[in-house]
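Asker: Sharing a structure below in structure tokens format, with a few things to ask.
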Amino acid sequence: MHELACVVHLHSTYSDGTGTVKQIARAGRRAGADVVLLTDHDTLEARSRGEEGWYGDVLLLAGVEVSPRRRNHLLAFGLDRPIDHEGLDADAICRAVAEAGGIGFAAHPWSKGSERFKRGGDGMPFD
């Protein structure tokens, strides 16, 4: 068995992050991460552009954060394209990811929001 240090759930400039994929991979290496799981909102642009893979000793894998408005965000991996979540509840989002051959888990299931991001509302829980 080998223990891995993994960074999960972060966004690049392809959605609402501030770093490019290369910058994120470099930051992961500086932090001692073995794996970075990139989860931009509703896009697999990093994968489409061929940016998924090894950056020195760091493996960067591109998933997607299925991001309906205000709740039920799901981190999904193993997908070929983003999930069209329009009108889907939490259960239907999970089914859509599974039917597309992916796996997923709640992005922030008990979210109540924070003072820093109060403009965004009262959190984004998962039903």
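The values are calculated or read from the model by the stated rules, or taken from the named source; none is laboratory data. Just so you know, these numbers come straight off a predicted model, no measurement behind them. Heads up, the Cβs are rebuilt from the backbone with ideal geometry, glycines too, and the neighbour counts pull from every protein chain shown. Calculation scope for accessible area: heavy atoms of the full protein, side chains included, ligands and nucleic acids excluded. Shrake-Rupley method; radii C 1.70, N 1.55, O 1.52, S 1.80 Å.
Asker: Stick to the Cα atoms of the stretch 18-127, pair each with every other, and give me the Kirkwood hydrodynamic radius in Å at one decimal.
Answerer: Over the stretch 18-127, the inverse of the mean reciprocal pair distance is 14.8 Å.
Asker: Given Cα pairs under 8 Å that are at least 6 residues apart, what percent is the relative contact order of the chain?
Answerer: 19 percent
Asker: Quick one: dipole size for the stretch 18-127, taken about the Cα centre, charges +1 on Lys/Arg Cβ and -1 on Asp/Glu Cβ, in debye to the nearest 20.
Answerer: 560 debye
Asker: Also, quick follow-up: Name the GluC sites (Glu not before Pro) in the stretch 1-64 that are in a loop by DSSP and that have at most 13 other C-beta atoms within 10 Å, would you?
Answerer: Passing both the DSSP loop test and the Cβ count: 3.
Asker: Calculate how large, on average over all directions, the projected area of the Cα convex hull of the stretch 54-112 is; give the answer in nm² to one decimal.
Answerer: 4.9 nm²
Asker: Helix 90-99 against the longest principal axis of the chain: what's the angle in degrees, Cα atoms only, rounded to the nearest 10?
Answerer: 50 degrees
Asker: Also: Per residue of the stretch 46-56, what does 6.51 cos²θ - 1.76 cosθ + 1.60 with θ = phi - 60° give for ³J(HN,Hα)? Whole Hz please, x for Gly and Pro, Karplus curve as stated.
Answerer: 4, 5, 4, 8, x, 8, 7, x, 8, 10, x
Asker: In addition: Among DSSP beta bridges lying fully in the chain, give the percent that are antiparallel, nearest 5.
Answerer: Restricted to the chain, the bridges split so that about 50 percent are antiparallel.
Asker: Still on this structure: On full extension of the chain, what length is gained from residue 99 through residue 41, given 0.36 nm per residue of separation minus the C-alpha to C-alpha distance?
Answerer: 18.9 nm
Asker: For the chain, find the longest principal axis of its Cα atoms and tell me its angle to the long axis of helix 21-30, 0 to 90°, nearest 10.
Answerer: 60 degrees
Asker: Follow-up question, since we're still on this one. Could you pull out every residue, at least 5 positions away or on a different chain, whose amide H is within less than 5 Å of the one on residue 60? Hs are placed 1.01 Å off N in the peptide plane, and Pro or chain starts have none.
Answerer: Under 5 Å from the amide H of residue 60: 36, 53, 54, 55.
Asker: Which percent of the accessible heavy-atom area of the stretch 32-114 goes to carbon and sulfur, probe 1.4 angstrom?
Answerer: Reported share for carbon and sulfur atoms: 50 percent.
Asker: Can you list the HN-Hα couplings for the stretch 32-39, worked out from phi with the Karplus curve (6.51, -1.76, 1.60; θ = phi - 60°), rounded to whole Hz and with x for Gly and Pro?
Answerer: Ordered by residue, 3J(HN,Hα) equals x, 6, 8, 9, 10, 9, 6, 9 Hz.
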